[in-house]
Structure formats: C-alpha cells, structure tokens
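Step one of this worksheet: look at the structure below.
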Amino acid sequence: EDEVIGRESATELMQNIENTLSDFEITVLKLFIDGLSYTEIGERLNKTPKSIDNALQRIKRKINEVLNGCRN
C-alpha cells in the first residue's frame, strides 16, 4: 500500500512539475538530465549557453516552488 501511494505521489509531483514548466524548459531539463553541457544544449536548441543557464535557474526555482507547495 505504501509503495502504491509513493508511486502515485511521485507521478503527481512529476505532473505538477511538467505543468509548471514551459515546453522549452522541459526540453532543456531533459537534455541536462541526459548529461549535456550548457553549450551542447544551446547548440541543439540554437540558443546561447547564457539562455540555457537562465532556463535552468528558472527550472530550479519553479521546481522548488512545486516542492514547497507539496509540503504545505
């Protein structure tokens, strides 16, 4: 039972994160998780490394907001 509840909570958390992030941010996050550098992500998306850095900063802030919302 605890395992099922844990999986449901994780799924709900991921949905909340995906609903919070823009399509661009989701793409950047997936590429970052895959291990690409800021430069590599920028090259794939035709953006500057600074633009990728800014996106990752927004992603971190938004994920923290989602996590803090779940704790309340």
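The values are calculated or read from the model by the stated rules, or taken from the named source; none is laboratory data. Fair warning: this is a prediction, and the values are worked out from it, not measured in the lab. Ideal geometry is used to build each Cβ from the backbone, glycine not excepted, and the neighbour counts take in all protein chains shown. Keep in mind that these areas ignore ligands, DNA and RNA; they rest on the heavy atoms of the full protein, side chains included. Shrake-Rupley method; radii C 1.70, N 1.55, O 1.52, S 1.80 Å.
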Q.
Just to check your reading of the model, which residue among Ile59, Ile17, Ile63 is open to solvent by less than 50 Å² (accessible area, probe 1.4 Å), within 10 Å of the chain's Cα centre (by Cα) and modelled with pLDDT of 95 or more?
A. Ile59
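Looking at segment 46-56, which of the residues that are under 16 Å from the mean Cα position of the chain (by Cα) and closer than 12 Å to Phe24 by Cα is surrounded by the fewest Cβ atoms within 10 Å (Cβ to Cβ)?
Going residue by residue through segment 46-56, those that are under 16 Å from the mean Cα position of the chain (by Cα) are 51-56.
Adding the requirement that they be closer than 12 Å to Phe24 by Cα leaves 51-52, 54-56.
Details: Ser51: 16, Ile52: 24, Asn54: 13, Ala55: 24, Leu56: 16.
Per the criteria, the residue is Asn54.
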Q | Hits in segment 12-33 - residues which are of a type outside the set (Ser, Thr, Tyr), within 12 Å of Ile59 (Cα to Cα) and touching a residue at least 24 places away in the same chain (Cβ under 8 Å) | A | Ile17, Leu21, Phe24, Glu25, Val28, Leu29, Phe32
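Which residue, of Glu1, Glu43, is open to solvent by 100 Å² or more (accessible area, probe 1.4 Å) and modelled with pLDDT under 90?
Values: Glu43 fails: modelled with pLDDT under 90.
Only one candidate qualifies: Glu1.
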